[in-house]
1. Computing the accessible area with a 1.4 Å probe over protein heavy atoms, can you report the carbon and sulfur percentage for segment 331-378?
2. Post the alpha-carbon centroid distance, segment 86-115 to segment 368-387, in whole angstrom.
3. Based on Cβ point charges of +1 for Lys and Arg and -1 for Asp and Glu, what charge dipole magnitude is obtained for segment 30-150 about its Cα centre, in debye rounded to the nearest 20?
4. Grab the Cα-Cα distance for Arg229 and Ser121, subtract it from 0.36 nm times how many residues apart they are, and report the gain in nm with one decimal.
5. Relative to the longest principal axis of the C-alpha atoms of the chain, give the angle of the C-alpha long axis of helix 16-45, reported between 0 and 90° and rounded to the nearest 10°.
6. What length, rounded to one decimal in nm, is gained on full extension from Arg361 through to Ser17, with 0.36 nm per residue of separation minus their alpha-carbon distance?
7. Over the C-alpha atoms of segment 316-453, what are the Rg and the largest Cα-to-Cα span, Dmax, in Å?
8. Would you mind putting 58-65, 432-439 in packing order, based on average other-beta-carbon counts within 10 Å, highest first?
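The values are calculated or read from the model by the stated rules, or taken from the named source; none is laboratory data. The shown structure was predicted, so the numbers you read here are calculated from the model rather than taken from an experiment. Neighbour counts run over all protein chains shown; Cβ positions are idealised from the backbone, glycine included. Accessible surface areas use protein heavy atoms only, side chains included; no ligands, DNA or RNA. Shrake-Rupley method; radii C 1.70, N 1.55, O 1.52, S 1.80 Å.
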Amino acid sequence: MPIDAGHVNALGTERISKLIIRYSMPTMLSTVVNVADRIFVGRMCGEDALAAITVCFSPTLFLLAVAMTIGHGSATMISICLGAGKREAAEKFLGQAFFLFIAFYVVVAAITLTFMPQILSFFGATPKILPDACAYYSIIIGGLIFDKISFGMNNLVRAEGRPVIAMTTIIIGGLTNIFLDWLFLVKWGWGVRGAAIATVLAQACASSWVLGYYVSGKNFLRIRLSNMRPFKKLLKQMGAAGSPSFILQACAAFSVSIFVMQARSYGSESALAVIGVCTTVITFLFLPIVGLSMGIQPIIGYNWGAKNFKRVRRAFSRALGAATAICVTGFAVAELFPDIIFEIFLGEDSHLLSTGEAALRLMVAGMPFIGVNIVTSGYFQSIKRPSVSIFVTILRQILFLVPAMFLLPRVFGLGGLWASFPISDFSAFVATLFFVRAEMSALRSKISLENRL
């Protein structure tokens, strides 16, 4: 069936810079929600509460790894199918994704709620903060289905050429979360439970919106009951296409859990609170790059499927430049204003200000080099070369960062732990450049062949 929807065709015709901005904005906006949540908890509930929800971050990343495998894998295949004019195949991948999100929630909720204390203790919760951590995370897991629907289906909305719908999903969830954080924590004093309830209710609102889009009749691709069952061949294709996202998030979860455990070994709950602020700030700086990487994937996937390699190369090169600019800006802000950042989260009278400022400055020292690694990994994922994408991903998270986090604290204590980040960032940047140069050369060859034909 020919693809005749204007919003889909725009992936192959509209100006690249405009498309990148439009498709990257939804994930970039989600950073505001993450930061606001931590600010409310840090200011209203104290350092121990912030440490408690910091511990919950690592298992959340592991769950996100599976969700991203489903969401990004199906989104990649949908983009390629649309570029090749295969609407029916794209709808099958959409049905697979919806089915898998529901099955994933049922399994994860059952296991996590059963073994909650053991899981959080494994990821670094001390007896002092374990009750708050369990109270927070049990509510988050109970409402996990809303997160998976809003996050996962949003990737698919973006893949079919509807970034405005995807951005509206983020805005609805984000504004609702911020308002409910204020209501439950500031006005009603519900503590960490209030923060968790606010998050779940906000995700429920976002899920209602994105599901409403899929039943409104305005969507280009339809969720059909006949497609909501396992198709072995499609599952293998989704798994292969989404495996870089799984590796990326699993590596991030693994490195964050090592980070938390090492901080607990060389520090205390106070060190975990410092990590809570630093990881939130770094996430705030980091997610725009992830958003950019995710934003170019429908553009590159569509044009790769359509064999328009000139637009593929242009999107890749512009994304690399934009990612580096964002990273340099984030680096400058964190280096110049670490005192103000920590005061926002913990207040002016916190005894952790001086420690936190030094930690943040060290951790973001390699920030200007991160963008190239993330965008390159996303590029190879979008053209169905998962093995290269996975290798580029593990360069920073596993091959360089994890060994540094084990070795440097033995010599330099907590300072060595903070310094592990810039060392791994720069090392991964140098290694990634080899892949970038090779791929740019390959694209030039494809474009020359395309012009001759």
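1. Answer for segment 331-378 is 64 percent, counting heavy atoms of protein chains only.
2. Cα centroid of segment 86-115 versus Cα centroid of segment 368-387: 25 Å apart.
3. 260 debye
4. 35.2 nm
5. 20 degrees
6. Gain on extension, Arg361 to Ser17, equals 120.7 nm.
7. Reported Rg and Dmax, both Å: 18.6, 69.
8. For the peptides 58-65, 432-439, the packing ranking is 58-65, 432-439.
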